1. If you fit an axis through the alpha-carbon atoms of helix C:11-25 and take the longest principal axis of the Cα set of chain C, what angle between them do you get, 0 to 90°, nearest 10?
2. Taking just the C-alpha trace of segment C:115-256, give me its Rg and Dmax in Å.
3. Please state the relative contact order of chain B as a whole percent: Cα pairs under 8 Å, 6+ residues apart?
4. Along Cα→Cβ, 7 Å out, is where each label goes; now give me the distance between the ones at residue B:150 and residue C:107 in nm to one decimal.
5. Taking R0 as 25 Å, what's the FRET efficiency between residue C:359 and residue C:76 from their Cβ-Cβ distance, rounded to 0.05?
6. Out of all Cα-Cα pairs in segment B:273-402, roughly what percent, to the nearest whole number, are more than 19 Å apart?
7. Peptides B:82-95, A:57-70: what's the order by average Cβ count within 10 Å, highest mean first?
8. Could you state the per residue volume, in Å³, of the convex hull enclosing the Cα atoms of the protein assembly as shown?
């Protein structure tokens, strides 16, 4: 090997070649040469070019299929060249509206936001009171239990002092008292009078709540891409926001929702749902393609009832909870108004995954696709030796068989070949 | 090349072949032929078939190892053929139970859900009050500070008007007052009387809370797979739900939990934890394999204390917060009852990843595995030329060495070969 | 094929070889032999070794580039060998501090935690009251509306009984009353007196809130790796925690934050923000490399204002909500104090992804990289036949062309070769 003649080995090779040249002049040249051969001799497969349009076409077509798969499915449909991140979000909600109730059961009453929104803070989950069982003026005292098979008594012997039935309402005092003119029940120590929650109004008290509106402000972040966005879009102006109302067709990006619309979009009836309460999901999908050639990143709203409506196996259907307002009477005694509140809990659920071109998933998926390209010659070779017309000729030239008793250097194909 | 004989080139090839036929008849046939050769000549490696059971076995065994790895580890253990999605969940909780307290410190009192559950809404995080320091009848006024090195004074000179010590309880008025018969402290402007929170009851006030039960309703969604599920399973009927109670062995799918069981499953003692409070995680794992051949998707419950129990470096151990109930006296003055509430906050944490067969990760992982298959011949070739008995023979036939001074067409192996 | 000589086929091969030997002795030996050939004959490409430093260098250099890419970018920068998991976290917050307000509008008042923290529980989101519009002594009654173009009237004819204007404050009674000496407005049924929220104090009422501190306790879990960690680090001792305060430079791991510092780190002015309120994100990044050779897993704090400060298109700028404290007068009438609370909501947002070495992503990424290694010979071959000096010689020896009319066994290159 005449290194001096390797004129194309330019600047970057200068170091190596001068080292080699230097070494070549020394006496250990033989050893070095062997290393150079080991490291830089290039071993390449011998190939046979077959001028067959059939085989060539099978080869190119299989290649084409793999490339189509990569471009079509992996890149376009699945966007496998993207790195992904999950959304981080903050939600503020603000309900507006008031109502006036005047039923036979309750006193006339005016309701505003501070009365029916619990908790008042307006974060991602808010509850709109629509129906209620109010038990006013409860005080810590003794009263006869509500009549039920386990509480009805004839005399004091039927009641055990200190006994507390998990299904009851208090701790028994051991006395049997008149609950009504017809029934006697065990007396209990409790907040009295006891709540009678079977008398739930059949029509929701705050039926007018269906016309309340809620403004949802949602800011999101994709921390990996340092991408921030609000659901109040930049091109939307202030006067539009004052009068708009979400509508999938005409105002799909207005962040103000009428409660009735939310419920009906979820396929439910507001008045129905308002009686026993329920949970309604306001789902905001921020799935976005953040590559510059993709369109804008916009929120997509959808609505779904999250609790089961008429399930077979339901304990405590609907949605309700008890809370109390505590008062003190003039003489310092604590009294409370117990409210069993039925209503709709709106949960704003923000989700989404953003994708943006990234080199690593691209490489991984390209790599995987290239692996399939390396399958292409396997397919073409199989076609060559089994299906093509001149398969015998092709495989005779392509493949050399060593004979079984190849101890001598003879091969099955050509004896003039390979002698040394 | 006789294109007319290529009878197998069927309908899909018709266009090309007729094009070619047409072109071949024209005068620019030579140029076109060259292009056809360039595009459709198939170049395939010449191969040597070696009938050695040893080398063949090494080859097949290495192939077998790679296939085993793909099937066994990637597919079965890691399910790398699946696309994954993260759970979205809604939680409703409802606590049941009441208690009666009658200690020397406090008045006898009956407690129900509206008294001890804060906040009352019952979402994914609820707090059960178990112990408390109550400071009733606080009014905005002046009172001497609690005695501490920085608040004890001898006369008014020790107290600075308007000074507010971050560790104190109010704004100093500049006066030095009698706190008790033995101690004098600076007077402060504050809610008086001041809270003395060092007198925390040693035994939890609401020790009975351990027998309260909580019903957890949890609906989950995997949006990518449009998969919805509740933790109240479809086959569970209503009468079972009325009497059941979660038990890992007998009732693993009952959604009603006794607080004591939750705490003891987390390795803690309820009475211990109730004194100073703490945070307990109810973890619901919805990790699921959604492929149809996999089993049902069921929630797995586990429980873990989330705050540190006896850490060395803890400020404010346990869990407590202060809240107040506000009253107005008959003459319109505002008064409040300050409650430092100790208790257990139960956080329902829902997590999980669902996987379902998807073509892209399958392709990616198959591709990666196929890449390893392309390593197999490297291993087998190395074995062939270094370890097999007839290695000299094999490598003589496999490899042709160009001689170093290969300017002439001679090669090191066979002179009868390759003459030009 | 003399199987008896295959001495290297050891114990693991014993079964196969004895089977083969047994079969070979039987009469169906021919068929079996054919199967053995089919399964275990090893087909390997014939190769040509080219002692060209140029081509060898191109080959090695391309290999080196691929390996560099794998090591440098995929492994070091992107850590593509890791499996990842998303954080699950619990947060407890506890605010400390008190303030005294004495403005011309309101009575002197002392504020402590129970007064200004809403909700009081201290979970991942807490609200610090900084400004407010208080409307005390509201009762359900009738009063004239606030003057506005739609509510001003001349006589009763202008007011419609039962009409409720969504922008108004109650249900009209149909009467026109004197609002002031100069204006007459329609009377409404509502909580009276009505709130006049235009008189928001220009300077925040609780300006002193900037010196309040908040202790954030955060426990995280990576369930896939069974990894638990708190933001109070193990080496931090109790006395340090009593006096420390977060500072990016001097105390980056102290979990106690001064509200003013949080706001100014987010690039805002506390006094500015306190007037109209806002939402401030306390972001805790737990992104960790959990491999043992990586450093410790530590939380990184950052702060960002989450609502828009001066947006063009904003309804309800800042952050506020209404809540009420309910009282009962001596004669049982319900009265309330309505508070429109302005303040800063602090959202503790915990996020992060942990990675740990895992075999599957490693294999996938290695596989992809190996696919690129299989591209290296393509590059080197291209260089060989187009750029190297002796390209004619090399390609003559590397490639054999079948002639077009190769029906006879003649090949274009050497007629002495391949006769059978």
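Every number in this text was worked out from the coordinates using simple rules, so none of it is lab data. Since the model is a prediction, treat every value here as computed from it, not as a measurement. Neighbour counts run over all protein chains shown; Cβ positions are idealised from the backbone, glycine included.
1. Around 40 degrees separate the two axes.
2. Taking only Cα atoms of segment C:115-256, I get Rg and Dmax of 26.0, 77 Å.
3. 19
4. Going by the 7 Å Cα→Cβ label model, 3.0 nm.
5. The computed FRET efficiency comes out at 0.85.
6. Tail fraction, whole percent: 77.
7. Per-residue Cβ counts within 10 Å, averaged per peptide and sorted highest first, yield B:82-95, A:57-70.
8. 284
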